[in-house]
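Please read the structure below before turning to the comments.
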Amino acid sequence: MSSEEKSIIYALLDKNGSDSICLDEFLDWSLVMLLNLSKESDYATLVETKLPYVYQSQWYTRLSEAVKSNRFDTAIDVILVLNAMTILMQDYSMLVGHDTGDPENDETLDTKWEKLE
C-alpha cells in the first residue's frame, strides 16, 4: 500500500481531524467494513427498463436464476457439442474429399433419414 493510500484511509478514519483515531471513529469504520459493499451494474436490460412489472415478477426471477446457473451453462455446452458432432457426421464424406454427387449413394445423415421416410 502506498503512503498516499495510507494517508487517505487515515483521513477517512479520523473524522474530526484530530490526527488520532478515537475508539468511536474506529468502531464506526468497523461497522462500514462489515457491510457487504458492492457496485451495482450501470447496465440495465430491456426488460428491466421497459417492463419493470415483468422484471420484478417471481417467474422472471426464477428464469433469470436458471439461465445464470452452471447447470444451464453445461446443458448449452452439451447441446453445442452434439450439434458439432452431428454436422461432422453429416458432412464427413465431403470434408475428406469423397463427395460423390450421387444422392442415392450419398451417406450423409440427411439422406439416411430421407431413405427411412
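The values are calculated or read from the model by the stated rules, or taken from the named source; none is laboratory data. Remember, predicted model here, so these are calculated numbers, not experimental data. We place every Cβ from the backbone using ideal geometry, glycine too, and count neighbours over all the protein chains shown. We work out accessible area using only protein heavy atoms, side chains counted, and drop any ligands, DNA or RNA first. Shrake-Rupley method; radii C 1.70, N 1.55, O 1.52, S 1.80 Å.
Could you look through region 36-48, keep only residues that are polar (S, T, N, Q) and open to solvent by less than 90 Å² (accessible area, probe 1.4 Å), and pick out the one that is modelled with the lowest pLDDT? Applying the filter and picking the extreme gives S38.
Among the criteria (1) at pLDDT 85 or above; (2) out of contact with any Asp or Glu (no Cβ under 6 Å at 6 or more places or on another chain), the one V32 does not fulfil is (1). Going residue by residue through region 49-61, is there one that turns out to be on the phi < 0 side of the Ramachandran plot and at pLDDT below 90? Within region 49-61 (the criterion being on the phi < 0 side of the Ramachandran plot and at pLDDT below 90), the answer is yes, since at least one residue qualifies.
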